[in-house]
Amino acid sequence: MAGRTVTRAQLSEAVYQEVGFSRSESTELLESILKHISNALAQGELVKISSFGTFSVRQKGQRVGRNPKTGQEVPILPRRVLVFRPSQVLKSRINTKRHPKAAV
C-alpha cells in the first residue's frame, strides 16, 4: 500500500459505485464538496468531518531560518498553514488495520 495515492478520479469512481449516481453526478458532487471545504478554510473557518478529523488554518509568524547548504540565515515570512487533526475513530482505525508487509 505504501506509495499509493488516492486521486479525485478514484474518489469520484467510489461515489459512483457506492451511491449509484451517474459518473458525471459523482464527479460534480465530489468537486462541490472539495470546493465547499476549501472555501471555508480560505475564510479561516474550521472544517469538522465526524469520525474523520478537523481541518483548520493556523497563522505562523515570521522567523529566521537557515539554508542547510550554505548555513546562511534567511527570513521566513509570516504565512497561513493548513492543519489536520485526525479523530480518535480514524486514529484507531489506522492503528488496528493490519498491513500485509507488517505480518511477514
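Specify which residue in the list 89, 42, 72 is farthest towards the positive end of the charge dipole of the chain, using unit charges on the beta carbon of Lys, Arg (+1) and Asp, Glu (-1), about the Cα centre.
So the residue we want is 72.
For the chain, please report how many Lys pairs fall under 30 Å Cα to Cα, leaving out neighbours fewer than 8 apart on the same chain.
Taking the chain as the scope, the lysine pair count is 9.
Since every read-out is calculated from the coordinates, none of them should be taken as a lab result. Keep in mind that this is a model prediction, so the values were computed, not measured. Counting neighbours? That spans all protein chains shown, and the Cβs are built from the backbone with ideal geometry, glycine included.
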